[in-house]
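In what follows, a single structure is set out as structure tokens and then discussed.
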Amino acid sequence: MKHFVCAFEDILLGIPVAVVAEIIQVPWKVQEMIAVNPPTGEVFCSLPWFFGRADLPAPHGVRFKPLAYPETLFRAINAYGGTEGSGIVIITTSIETELDIPDAAIRQLPGFMGKLPFLKGVSFSGPTMTAFIDPVALVSRMLGPRGGAS
């Protein structure tokens, strides 16, 4: 499966290409974890803020295709965006590359990471670890505390 890979401190994060509608440049400084673009209702979620590293540069946004959101999450997204069918953009550190990583190369999460339900697995290339996100679980986790998603 193909993944967009972005560097996040000492690990890489893999975002499945299949769920990405487009990658955009983010020319503004991200000021909070969740922000809404009122004219479009798009919900912007910052990965650096989510991971407690608001100081990291976040020049790219990943606009997701409509995902198979659970109904409660879809209501939370609409509540944030204020419009039906609001979209999600995950703001992230620089996207470095696109890699084709076979499903067989993605391993279960080590025990200490098993408590991170928005990660679906990891792969190792020498000393470098790539953690793969589950977009629906990530958005659920980011919007959950404020949006009431489960």
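What follows draws every value from the coordinates through simple rules; no lab data is involved. Remember, it's a predicted structure, so these values are computed and weren't measured experimentally. Every residue, glycine among them, receives a Cβ derived from its backbone with ideal geometry; neighbour counts consider all protein chains shown.
Summary of values
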item: Ranked by how many other beta carbons lie within 10 Å on average, peptides 127-136, 97-106 from highest; result: 127-136, 97-106
item: Within the range 1-57, chymotrypsin sites (Phe, Trp or Tyr not before Pro) in DSSP loop having at most 11 other beta-carbon neighbours inside 10 Å; result: Trp28
item: Amide hydrogen neighbours beyond the local backbone of Phe8, cut-off 5 Å, H modeled; result: Leu13
item: Length added when fully stretched, Ala137-Thr40, from 0.36 nm per residue minus Cα-Cα; result: 32.6 nm
item: Lys120, Lys2, Lys29 arranged by Cβ crowding within 10 Å, fewest neighbours leading; result: Lys29, Lys2, Lys120
item: Least to most buried among Ser140, Ser94 (fewest other Cβ within 10 Å first); result: Ser94, Ser140
